[in-house]
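The values are calculated or read from the model by the stated rules, or taken from the named source; none is laboratory data. All values reported here derive from a predicted model rather than from experimental measurement. Cβ sites come from the backbone with ideal geometry, for glycine too, and all protein chains shown count toward neighbours. Accessible surface is based on the protein model in full, side chains and every heavy atom, while ligands, DNA and RNA are left aside. Shrake-Rupley method; radii C 1.70, N 1.55, O 1.52, S 1.80 Å.
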Amino acid sequence: MAWVDAVATSDIEEEDLIRFDHGGKTFAIYHSPDGAFFCTDGKCTHEDVHLEDGLVMEYEIECPKHNAAFDYRTGEALRAPACINLNTYPVKVEGDRVFIDI
């Protein structure tokens, strides 16, 4: 695994996410209401749908297709139809840049 410079902190508003593609894989990077940043796989585990158009509220991401929900801090599937958790990735902030360990 290696730290990858993904986005600027200012690129993601609080309670929102941004899609980040790297090495043939899609990730979702979130800016939580307490100012922290998190990263998960960028596609729902139920239907392989990109999460970038999903609704972020508090610490949850809701899939735009069937409304499955996940806690983006842990990847835990919170609501059906998803029953498989999202993978999560370590995040660090240096200056105004967000790095993910992938």
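Place a +1 charge on the Cβ of each Lys and Arg in the chain and a -1 charge on the Cβ of each Asp and Glu, then give the dipole magnitude about the Cα centre in debye, rounded to the nearest 20.
Approximately 380 debye in magnitude.
Mind jotting down the distance between the C-alpha centroids of region 6-22 and region 31-102, whole Å?
Cα centres, region 31-102 to region 6-22: 12 Å.
Counting Lys and Arg as +1 and Asp and Glu as -1, what is the net charge of the other residues whose Cβ lies under 12 Å from the Cβ of Phe99?
-2
Starting from the amide H of Leu55, placed 1.01 Å from N in the peptide plane, find each other amide H under 5 Å away whose residue is 5 or more places distant or on another chain.
Result for Leu55 returns Glu62.
If the chain between Ala36 and His66 were fully stretched, how many nm would it gain, using 0.36 nm times the residue separation less the Cα-Cα distance?
Result for the pair: 8.1 nm of gain on full extension.
Quick check: at a probe of 1.4 Å, how many percent of the accessible area of the chain sits on carbon and sulfur atoms?
The nonpolar share, carbon plus sulfur, comes to 44 percent.
If you count only protein heavy atoms with a 1.4 Å probe, what accessible area per residue comes out for region 25-102, rounded to a whole Å²?
Ligands and nucleic acids excluded, the result is 48 Å² per residue.
For a quick check: with amide H placed at 1.01 Å from N, whose amide H comes under 5 Å from Val49's, ignoring anything fewer than 5 positions away on the same chain?
Cys44
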